[in-house]
Every structure is written in structure tokens, then in C-alpha cells.
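Step one of this worksheet: look at the structure below.
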Amino acid sequence: MTTFEKKIGRDRLFESYIWSWGLREDPFKLELTSIEAFAPFQRRDLRKLKWLLSKGKIGALTGALGTGKTTVCEFLVASLKEENLTESDPSKQIIPVFIHGAAYKSSDELLRAIILGLEMDASKNRENLFEFLRRWPQEHQERLAIIIDDLPESGADALEVGEFLRVLADITNISILINGTFKQMERFLAKVPALADRIQTKIKLKPMNKKNLKELLELRLKNAGCICYKDLLTPNGFKSLYKFSKGVPRSALKAASNAIHYAAEVDSPIDARVVKRANKRSFFKRIFSFLM
Amino acid sequence: MLVIVRKGEVVEQKEKLYKMKEACKILGVHPNTIRLWDKQGKIKVVRPQGGQRRIPESEINRLLRVPSAVAPPPPSTIPKDEALSSFLNYVFSYHRDDWELVRKAVIIRDNYTCQECGGKELLEVHHKNGTSRNDPDNLVTLCQKCYNLVHKRVRKMPAFKPSIKPEAPAPKPEKPTIKIQPPPVPEVAELPRHKILDDLKPTGLAQRTLFGDLLSAAAVLKSFTLGDLAARVHCPEAIAKTFCERMTACGYLVSKNGMFEIHVRLAR
């Protein structure tokens with residue numbers, strides 16, 4: 001028993017409520033989860049992205065906050081890795097390298113991150129490392145897919161990084177997917193027109209529609225081991241969640257998490273009233289919601 | 001070799017003659033270089049009717065086989081030690097103008113010893129006949145004292161001949177080394193990731209990256225079973241098994257009845 005539990009105590013009410021539904025923990029937690037928890041939407045766009053990565057081209061993935069850009073990227077990485085397990089022909093394998101854009105400050109560090117992602121020795125100097133990528137089509141049959149998350153958020157100089165990516169994209173068998181919020185990406189690409197020209201497809205993730213959001217929430221509950229999720233999340237409550245979140249998955253999950261905590265207090269399934277009470281908005285916000 | 005046969009008899013036995021252009025291509029030099037060699041007598045050329053230079057095959061073969069036939073002859077003062085002599089040969093053949101290099105080479109040749117008094121400190125390299133020609137025969141190692149002496153003397157006597165005593169080369173003075181006790185060796189070896197992965201010998205890059213994932217998962221879990229590892233990385237257990245087998249073979253994992261324990265630290 002930890003000091004925290006001794007002094008403050010556990011949330012027994014919430015735990016017993018969750019247990020009664022067959023859950024172990026909060027099913028709507030926001031932290032990134034495995035492939036199973038990803039509910040696909042805009043399937044055509046995702047298929048296009050996959051095709052892009054297998055052809056050695058450059059693509060950009062944009063969208064508003066919380067629409068699931070990073071989740072899509074992680075899903076792509078995980079699925080590519082899974083396919084590599086079964087594919088024995090090396091010329092058909094695509095090796096994904098996932099890089100968190102906020103973690104580097106210059107193109108030099110970005111290059112090092114790519115090499116580290118390939119589990120190679122990155123302690124050499126810059127020229128040697130770049131030579132390794134330059135000779136990629138000659139020395140390796142596999143294709144390389146570099147997926148950079150939150151590219152515009154890094155503190156690096158946009159011109160320098162853009163030029164570096166442009167040179168990388170010209171190497172055959174190397175494909176790049178960059179990802180960032182719509183406005184930031186526009187601003188970033190405006191600085192580097194050469195990179196913007198080379199981008200094959202720009203995909204903008206829209207908020208989920210009603211069907212997909214329902215799929216997502218039910219998938220979460222199903223994965224967490226809920227016995228009768230249709231009773232826990234009433235259609236009424238779902239409609240309210242959708243209205244509240246406007247289809248953005250992140251805010252929907254946040255609202256659902258709040259709602260399930262509130263539902264434990266009042267001991268009822270998640271319905272419209274619970275959702276409304278749990279996610280109280282100030283008077284001002286409620287009235288001028290269309291401005292937001 | 002070109003052989004002209006007429007009516008079953010060998011009439012003439014001519015050597016093949018190359019034109020200037022062909023010879024340049026074979027030798028990899030400029031035509032002017034061949035003309036220069038011809039002037040200096042380093043190469044024999046034939047001038048048949050017309051007066052143009054034709055280079056015989058034997059001459060080209062000679063040049064190709066022995067490249068130093070054109071280069072100056074090897075200096076006589078070079079010692080017989082193979083590595084050293086080849087080094088000196090190289091320096092004096094190609095880098096005569098690089099004074100620093102020549103100086104060092106001469107000092108090495110003279111075994112870090114003054115050839116006049118046998119001193120081993122403050123060494124200088126001296127041109128014997130007063131000119132600045134960097135010939136191996138013309139250069140000698142002297143210590144600062146002897147060097148100053150010689151240069152005063154040189155004004156009186158134009159040619160200086162140092163009296164070199166045949167002396168057994170003294171062993172190099174050993175540097176006083178302070179023995180530092182090595183820091184206590186950690187029980188677990190610390191290795192960078194790529195070295196561990198090199199040892200595992202994965203087939204292809206896809207397996208390499210997968211092994212990388214497995215390695216980082218193993219480093220987090222510390223002690224684990226096969227199932228734990230496979231579940232964490234989301235890969236089939238067969239691959240986790242091969243990974244664990246190779247790791248144990250390299251000594252990075254210790255297996256105890258189904259449980260594995262990592263025995264290596266990942267260097268940052």
C-alpha cells in the first residue's frame with residue numbers, strides 16, 4: 001500500500017462501477033494505443049497514403065488538432081512492420097522509420113534520427129551518414145519510408161530541413177510522409193516551395209462522421225473487455241458525445257472519459273444527461289460555440 | 001609482336017608499334033610527357049618514314065611493369081628495412097617539395113640521432129652541400145648544437161662532410177609513463193545498439209529493425225519470458241525465440257528455466 005493510497009484512498013466507487021461492466025480501467029484513455037484500438041476512417045485516403053509509401057514518393061498529412069494524424073502515422077508504421085514479417089521478398093518490403101519531429105533541432109539531428117531508426121551506427125560524421133542514404137537504391141533492395149510526425153513543430157530552420165527533405169525525396173526507393181496541423185504545414189511549405197512542388201498528395205484529415213466515431217468508441221469498449229457495451233453507451237449518450245466533440249476523435253475520447261467518471265458517481269449508464277453534466281461548458285462558450 | 005609470313009617463310013619479324021595517341025591511352029600520360037621522356041632519353045622511340053614517333057610494344061611493357069623506370073632511381077642511403085624503405089622511397093619520389101615530410105622522413109631514417117655527436121634532442125635536418133636540394137644523400141640529421149656549428153663552418157668550408165661513426169642504433173628512450181589504475185570494470189558490458197545488432201547477424205533490414213524493437217523491449221523488461229517479449233512488440237513468438245537464441249549465443253542474455261535476463265547495457 002503506497003502513501004498516496006493510505007492518505008487519500010482509492011477511487012472505490014469508480015472501480016466498482018467499472019468492474020460491474022467488466023472493465024479493468026478507463027477505456028477512453030488518450031494515450032496512444034496499439035493498432036487494434038485504431039478505428040479507420042477516410043479509408044480511400046489511407047489506401048492512397050499506403051500506395052504513396054510503397055512508391056517512393058513524398059506526401060503530406062494535415063488536419064486540425066486531434067483529428068488523429070499521429071494515430072494514422074503510427075498505424076501505418078505498425079501495419080508496415082506487420083507486413084514485413086510475412087513478406088519474404090526483400091524488394092517488396094517497406095521499412096518504416098518513425099520520427100517525432102519535435103525531438104530534433106536541425107537537419108543534422110534529423111539525419112541521425114533516421115539512421116538510428118534503421119538501427120545503424122550514427123556516430124560517424126554527416127557526410128558518411130548521408131552517403132549511406134544516397135547509396136540506398138544501389139545497396140538495399142528494400143524501400144524506406146520515413147514518417148516524420150509534427151514536422152513544423154520542431155525548432156529547426158524550415159529552409160534547411162525543407163532542402164534536406166527535398167534531396168532525400170529525390171533518391172529513389174525513399175518515400176517521405178510529413179505530418180502537421182493544417183495551418184502550420186501551410187506556413188512551413190510556403191517557405192520551401194521546392195518541397196511543396198514535390199509533394200504528390202496532400203491529405204487533409206477531416207473530423208470523423210457519426211458512423212466512424214461510434215465504431216471508434218465501441219472498439220475501445222470492446223478491447224477493454226466490456227460485456228454489453230451497447231447498454232453502457234446509450235445511443236442517446238453517443239449522440240450527445242458526437243454533438244459535443246463535433247466528430248474530433250480526441251475531444252470525443254476526452255468527453256467520454258469525463259462522462260464515465262461522472263456516470264460512476266451517479267451510477268447510471270452514459271446517456272445524454274451524464275455527458276452534458278460531465279462536460280460542463282461555461283455560459284459564454286455554450287452560447288458562442290459557433291465562434292469556436 | 002607482328003610476324004609477316006610469306007610463302008611459309010618468316011620474312012620479317014616486326015614489333016608492334018603504337019601511335020602516340022594509343023600509347024598515351026595505355027600509359028595514362030599526356031603526349032607531351034612522352035615527348036619529354038624521349039628528349040631525356042628515358043624512353044626509346046622509333047621514327048619510321050614520315051618522322052613521327054612510334055612507341056614499340058616492348059618499351060610500353062617495360063614502363064607498365066616497372067613504373068619506377070621513369071621515376072628517379074631509389075636513393076642509396078635508404079636502409080633495408082622494408083616498410084621504412086618503401087616509405088622513404090615514396091617520400092623522396094613524390095613529395096620532395098614537402099619540407100616538413102622530408103624532414104620527418106630523414107629524422108626517422110637516421111633513427112632520431114644526431115649523426116655528428118649522437119645526441120637525441122633538438123634535432124634538425126641539414127643540407128650537406130649548402131643547396132636546398134632535397135636529395136636523400138644530401139640530407140642529414142643533426143642536433144641543434146652541431147647544426148649551429150656546421151652553419152658557422154659552412155661559410156668557411158663550402159663542402160661539409162660529417163664524420164659518421166658506425167654506431168649501433170641505441171634503443172629509443174622510453175617515456176616515463178604514469179600507470180593509472182583502470183577504473184573498476186562494470187560487471188555488465190555496455191555496448192551501443194548497432195554493435196549488438198551486428199552480432200546478431202540479422203538477414204535483411206526488416207529483421208534488423210525488428211530485432212532493434214525486441215532489444216529495446218528486452219532492455220525495458222529486464223527479465224521476461226518469450227510470451228512477454230512477443231506481446232510487447234506485437235510479433236509472432238517464433239521471431240522472439242530466434243532473437244533470444246541468438247542473444248544467448250552471443251552472451252547478452254542469460255536464460256533460467258524459461259525466464260530470460262538481459263546481461264548487457266545499452267550505451268547512449
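The values are calculated or read from the model by the stated rules, or taken from the named source; none is laboratory data. Owing to the predicted nature of the structure, the values given are computational and were not obtained by experimental measurement. Glycine gets a Cβ as well: all are built from the backbone with ideal geometry, and neighbour counts include every protein chain shown.
What the table shows:
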| read-out | value |
| --- | --- |
| Flag if A:LEU159 is surrounded by fewer than 22 Cβ atoms within 10 Å (Cβ to Cβ), under 25 Å from B:GLY204 (Cβ atoms) and outside the structural domain of A:LEU216 (by TED's automatic domain parsing) | no |
| Candidates A:ALA103, A:ALA113, A:ALA145, filtered to the one that is in the same structural domain as A:GLY162 (by TED's automatic domain parsing), of a type in the set (Gly, Ala, Ser), loosely packed, with under 14 Cβ neighbours inside 10 Å and within 23 Å of the chain's Cα centre (by Cα) | A:ALA103 |
| Failed condition for A:LYS69, given (1) buried (at least 16 other Cβ atoms within 10 Å of the Cβ); (2) modelled with pLDDT under 80; (3) basic (Lys, Arg) | (2) |
| Options A:ASP108, A:ASP45, A:ASP121: the member that is under 30 Å from B:LEU200 (Cα atoms) and either more than 14 Å from chain B (Cβ to nearest Cβ) or in a helix (DSSP H, G or I) (or both) | A:ASP108 |
| Whichever residue in the stretch B:193-233 is of a type in the set (Val, Ile, Thr) and more than 10 Å from chain A (Cβ to nearest Cβ) and, among such residues, is nearest to A:ILE95 (Cα to Cα) | B:VAL220 |
| Qualifying residue in the stretch A:142-149 (condition: more than 14 Å from chain B (Cβ to nearest Cβ) and modelled with pLDDT under 80) | no |
| Breaking point among (1) away from every other protein chain (no Cβ under 14 Å); (2) surrounded by 13 or more Cβ atoms within 10 Å (Cβ to Cβ), for B:GLY251 | (2) |
| Sole residue being in contact (Cβ under 8 Å) with a residue 12 or more places away in the chain, surrounded by fewer than 14 Cβ atoms within 10 Å (Cβ to Cβ), within 14 Å of another protein chain (Cβ to nearest Cβ) and among the aliphatic types (A, V, I, L, M), chosen from B:ALA267, B:ALA240 | B:ALA267 |
| Any hit, the stretch A:55-63, residues being at pLDDT below 80, over 16 Å from the mean Cα position of the chain (by Cα) and assigned to a loop (DSSP other than H, G, I, E, B) | yes |
| Matching residues in the stretch A:226-249 - criterion: being surrounded by fewer than 16 Cβ atoms within 10 Å (Cβ to Cβ) and either assigned to a helix (DSSP H, G or I) or of a type in the set (Ser, Thr, Tyr) (or both) | A:LYS230, A:ASP231, A:PRO235, A:ASN236, A:LYS239, A:LYS243 |
| Scan of the stretch A:77-95 for residues that are modelled with pLDDT of 80 or more and at the interface with chain B (Cβ under 8 Å from one of its Cβ atoms), ordered by number | A:ALA78, A:LYS81, A:GLU82, A:ASN84, A:LEU85, A:GLN93, A:ILE95 |
| Of all residues making up the stretch B:200-224, the number that are of a type in the set (S, T, N, Q) and surrounded by fewer than 16 Cβ atoms within 10 Å (Cβ to Cβ) | 3 |
| Near pairs, Cβ below 6 angstrom, 6+ apart or cross-chain, from the stretch B:104-124 (within 16 Å of B:ASP137 (Cα to Cα) and in the same structural domain as B:HIS151 (by TED's automatic domain parsing)) to any residue that is surrounded by fewer than 20 Cβ atoms within 10 Å (Cβ to Cβ) and among the β-branched types (Val, Ile, Thr) | B:VAL106/B:VAL125; B:GLN115/B:ILE164 |
| Given (1) at pLDDT below 85; (2) assigned to a strand (DSSP E or B), number of the condition A:ILE176 does not satisfy | (1) |
